[in-house]
1. Using per-residue counts of other Cβ atoms within 10 Å, averaged over each peptide, order 145-158, 63-76 from highest down.
2. Pairs of alpha-carbon atoms within less than 8 angstrom and 6+ residues apart define the contacts here; what relative contact order does region 1-147 have, in percent?
3. Applying the Karplus parametrisation 6.51 cos²θ - 1.76 cosθ + 1.60 with θ = phi - 60° to the phi angles of region 235-252, what ³J(HN,Hα) value in whole Hz is obtained for each residue in order, glycine and proline being reported as x?
4. Pairing the Cα long axis of helix 215-224 with the longest principal axis of the chain, what angle in degrees results, from 0 to 90 and rounded to the nearest 10?
5. From largest to smallest, what semi-axes in whole angstrom does region 26-161 give when each is the square root of 5 times an eigenvalue of its alpha carbon gyration tensor?
6. How high is the relative contact order of the chain, in percent, counting Cα pairs under 8 Å that sit 6 or more residues apart?
7. Quick check on the chain: helices-only [θ] at 222 nm, where DSSP H runs of length 4 and up contribute -39,500 (n - 2.57) each and the sum goes over total residues. Nearest 500, please.
8. Can you tell me, using C-alpha contacts under 8 Å and at least 6 residues apart, the relative contact order of region 154-222 as a whole percent?
Amino acid sequence: MIRLTDEQWDRIRNHFPEEHIADGRPGRKPIPTRRVLEAVLWLLNTGAQWHMLPQSYPNYKTVHRRFQAWCRDEILRRLLTDVANELRDRGALDEEECFIDATFVMAKGGGAEIGATKRGKGMKIMAIVDRHGLPLSVSTHAANHHEVRLVQLCFDFYMIEAKPENLVGDRAYDSDPLDEELRRDGIEMIAPHRANRSRPPTQDRRRLTRYMRRWLVERFFAWIQWQRRILVRWEYHTQNFLGFVQLACLVILFRRF
């Protein structure tokens, strides 16, 4: 069984509306949120179907209903943002040098925001991580969108106030318009030029040495994919799959406390 420590639960409990119901309210009290969250974390880790939830956890219908409400109301996103900002205040996050990339996820549950590619129908998980490989932004998009067009959408899901000074990506992010757009926000894009590039080079080779540390974002994707629920999208609703991805990021950030 998966259990949250008392310290972890105290750090996040105020984000859940079920924890603020008055004791004197008439009617049956809801199942404790901590038990429901632990059930969702078990599903995230095992990749099992909802109805396969062990009897030691609450009823799977209750867990599913509450989880959908958290995703719909963006409770998990706000929770993850607060945890990330607390880590930044402690000096555990370093946004001076960040890395961006995407990974493909096969979608077998149908639903919206699924794109057809050569690898099949699926979606992309876009992520920005700091120089320690910790997530600063995570979002999901249809797989048929080019990654250059998704960079600004990634910043809509950015968790901390300070934007990165340097953003490092692979050749997919070699785009002069993107460079200019980010530069207006004070962000320097560092990406190797494509082999078929026709325009004059714009990248400084000395700054491209930062590209050698791009393995940090690849390691982040390996971390979240240890959670089997992330390997294939079975959720019909996109917001539910994003909720599982956000919980996988929360598990990573909890390790830094």
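1. Numbers: 145-158: 15.6, 63-76: 18.1.
Going from most to least packed, we get 63-76, 145-158.
2. On the way: 166 pairs, mean separation 22.6, N = 147.
Reported relative contact order: 15 percent.
3. 6, 5, 8, 4, 5, 6, 5, 4, x, 5, 5, 5, 5, 4, 5, 4, 4, 5
4. It is inclined by approximately 20 degrees.
5. Ellipsoid half-lengths, sorted descending, are 29, 23, 13 Å.
6. Values: 397 pairs, mean separation 57.2, N = 257.
About 22 percent, as a whole number.
7. Working: 8 runs with 91 residues, N = 257.
About -11000 deg cm²/dmol.
8. Numbers: 56 pairs, mean separation 21.2, N = 69.
RCO, region 154-222: 31 percent.
The values are calculated or read from the model by the stated rules, or taken from the named source; none is laboratory data. Note that this is a predicted model, so its numbers are computed, not measured. Because the Cβ atoms are built from the backbone with ideal geometry, glycine has one as well, and the counts that use them run over all protein chains shown. SASA here: full protein model, heavy atoms, side chains in, ligands and nucleic acids out. Shrake-Rupley method; radii C 1.70, N 1.55, O 1.52, S 1.80 Å.
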